[in-house]
1. Of all residues in the range 159-186, count the ones that are among the aliphatic types (A, V, I, L, M) and open to solvent by less than 20 Å² (accessible area, probe 1.4 Å).
2. Quick one: which of D130, D98, D106 is in a loop (DSSP other than H, G, I, E, B) and without any contact (Cβ under 8 Å) to a residue 24 or more places away in the chain?
3. Answer yes if at least one residue in the range 214-228 is in contact (Cβ under 8 Å) with a residue 60 or more places away in the chain, open to solvent by 30 Å² or more (accessible area, probe 1.4 Å) and part of a helix (DSSP H, G or I), and no otherwise.
4. Out of the residues in the range 187-199 that are open to solvent by 10 Å² or more (accessible area, probe 1.4 Å) and part of a loop (DSSP other than H, G, I, E, B), state the one that is farthest from A221 (Cα to Cα).
5. Can you say whether E259 is outside any helix (DSSP H, G or I) and open to solvent by 70 Å² or more (accessible area, probe 1.4 Å), as far as the supplied structure shows?
6. Name the one entry in V432, V437, V397 that is among the β-branched types (V, I, T) and in a strand (DSSP E or B).
7. Determine whether the range 332-342 contains at least one residue that is in contact with a Gly (Cβ under 6 Å, 6 or more places away or on another chain), open to solvent by 10 Å² or more (accessible area, probe 1.4 Å) and farther than 20 Å from L422 by Cα.
Amino acid sequence: MMQDREALGGTAARDLALDCIEAGIEAGDPERAIAESVSLDGDRLTIGETSYDLASYADVVVFGGGNAGGRMASAIEGVLGKRISRGVVVTDAPEETDRIEVLPGDHPVPSERGVESTRRMLELADDAADDTLALVLVSGGGSALMPAPAEGITLSALQEVTEALLASGAEIGEINAVRKHCSAFKGGGLARRAAPGTVVSLIVSDVIGNDLSTIASGPTAPDATTFEEAKEVLSRYGIDPPEAIASRLERGAEGEVAETPDAEDPVFDRVDNHVIADGFSALEAVRDLASERGSEPLILSSSVRGEAREAAKTHVAIAEEVQRTGNPLAAPAVVCSGGETTVTLRGDGTGGPNQEFALAAAIELRGREGIALTAVDTDGIDGATDAAGAVVDGESVSDPETARAALAENDVYPYLEERDSLIETGATGTNVNDLRVLVIANPEGSR
């Protein structure tokens, strides 16, 4: 999975940390999740604990997308085969499929080809009838991969606002509140377009707490946010949007544009959403592998958020406590966490939240033996770089002032690249949010 794996390892602690990361990413594999969650017995399609009689439907049509969209499409074809009439899925990690069109999009900033691919999907959704079963494959990254600008809004306007929000340090829920109200797809938009068909979503979640309205901006989920809240997000972060977006949000707030559908909307009477994999799936895999390798495991949290560099200091402090006092567990130990940290851009460099997390941790770990840390985005793309994240230990930073300057300029990628610390996986075909692993040797620092 990882490029230059030998160069990234070299100590027992680093090797175990890298093994844990691979196990976590594999646990979020959508093919495995679908195999474990979806089955077909005659005409009876079962997803989790819910069954659907395929004999009741004239067509089974597949929609959706995200970082895991291609692998999910391939997996659902493996279950249903020729039962699928047709479908369109949008992703940045394509797969060969027979009955579902897998079309391109881009992440983390939406693109024109993503707009065209999503338009084709929505046109197919518009054809859904009362006897259509619409299977929707949803995964992280879908917000950017499936842009569908609302009437009067251009892609460039969406890109401008998206880039400003990403740079501002806004949390994903805040970003999506704006995206939903500028889209014909998000915030329940796909469910509305596929009505009156029966809509059944299979979801690989990259969102803290599995908030259905936030995963890929909730194309088949009720939206509790409003035009007024979207306006407040932009105001809170000092973002001056393009005129078309400002006008739409203002008209929506005044009731001149229909709100996104909320939980009381009858469109959701025929919608089921099933989460089949999430960030905790990855953490459980890390926990199990650590235990197998003789380390005490601790899942710190699946909901870590906030500034990446500040969260890194807290993680290192916990590792130091484990090594020094044996609390909250004794070394050798593996501490892992999930969630999604953010970066407030102050410089104009290259990097991503997980790279900043790793470098900030490396500064704190400087000179300390027996502790290794990995931090990755499980989709294989941290920020807008070709790295998933990084692996560091107490020897990664010998020049703390240079490291701090790289953080100050948000230019950590070159620093980590020069020290063979970047983890590159390519697009993994899944996305269950960020994954961080701390490996802590015994107090003597054996490796």
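1. 6
2. D98
3. The answer is no, given that none of the residues of the range 214-228 is in contact (Cβ under 8 Å) with a residue 60 or more places away in the chain, open to solvent by 30 Å² or more (accessible area, probe 1.4 Å) and part of a helix (DSSP H, G or I).
4. So, considering only residues that are open to solvent by 10 Å² or more (accessible area, probe 1.4 Å) and part of a loop (DSSP other than H, G, I, E, B), the one farthest from A221 (Cα to Cα) is P196.
5. no
6. Details: V432 fails: in a strand (DSSP E or B); V397 fails: in a strand (DSSP E or B).
Only one candidate qualifies: V437.
7. Scanning the range 332-342 turns up no residue that is in contact with a Gly (Cβ under 6 Å, 6 or more places away or on another chain), open to solvent by 10 Å² or more (accessible area, probe 1.4 Å) and farther than 20 Å from L422 by Cα.
Rundown of residues vs (1) farther than 17 Å from G394 by Cα; (2) modelled with pLDDT under 95; (3) under 27 Å from the mean Cα position of the chain (by Cα), yes/no style:
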{"residue": "I299", "(1), (2), (3)": "yes, no, yes"}
{"residue": "V316", "(1), (2), (3)": "no, no, yes"}
{"residue": "E321", "(1), (2), (3)": "no, no, no"}
{"residue": "G349", "(1), (2), (3)": "yes, no, yes"}
{"residue": "R366", "(1), (2), (3)": "no, no, no"}
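The values are calculated or read from the model by the stated rules, or taken from the named source; none is laboratory data. Here the structure is a predicted model, which means the values were calculated and not measured. Using ideal geometry, Cβ is built from the backbone for each residue, glycine included, and neighbour counts are taken over all protein chains shown. The protein model used for the area step is the full one, side chains on, heavy atoms only, and it has no ligands, DNA or RNA in it. Shrake-Rupley method; radii C 1.70, N 1.55, O 1.52, S 1.80 Å.
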